[in-house]
Amino acid sequence: MYKAVVVLAFVAVANAGVVPAGVAYAQPAYAAAPVAYAAPVAKAVAVSPEPYDPHPQYNYGYSVADGLTGDSKTATETRDGDVVK
């Protein structure tokens, strides 16, 4: 009995045809418009050199006095050429 079922299964597979697929809707094929492109034009930009101070000098200071928290700070900085104090 088992051999007969196997033989009939092989015969059924051998005689089987291709089942047609259902009709499916495909999206319309649109082509993108060609891109109009122009190469960028390189423009020379005149760069002026930054001003240079061979002997820079400055004085800077600040202080904080907060009565609520008791924070009290003072700081100063002085530069004369390459020496910063």
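Annotations
- Candidates 5, 41 - the one that is without any contact (Cβ under 8 Å) to a residue 24 or more places away in the chain and within 33 Å of the chain's Cα centre (by Cα): 41
- Lone qualifier among 24, 12 - being among the small types (Gly, Ala, Ser), part of a loop (DSSP other than H, G, I, E, B) and either surrounded by fewer than 10 Cβ atoms within 10 Å (Cβ to Cβ) or in contact with a Cys (Cβ under 6 Å, 6 or more places away or on another chain) (or both): 24
- Selection status of residue 47, of a type in the set (A, V, I, L, M) and either under 43 Å from the mean Cα position of the chain (by Cα) or at pLDDT 90 or above (or both): yes
- The stretch 60-85 residues that are without any contact (Cβ under 8 Å) to a residue 12 or more places away in the chain, paired with ones that are outside any strand (DSSP E or B) (beta carbon under 9 Å, 6 or more apart): 82/55; 82/56
- Taken over the stretch 21-38, residues that are within 28 Å of the chain's Cα centre (by Cα) and of a type outside the set (Gly, Ala, Ser) amount to 3.
- With respect to the stated conditions, residue 39 fails to be out of contact with any Asp or Glu (no Cβ under 6 Å at 6 or more places or on another chain) and surrounded by 10 or more Cβ atoms within 10 Å (Cβ to Cβ).
The values are calculated or read from the model by the stated rules, or taken from the named source; none is laboratory data. Being a predicted model, the structure only gives us computed values, none of them experimental. Because the Cβ atoms are built from the backbone with ideal geometry, glycine has one as well, and the counts that use them run over all protein chains shown.
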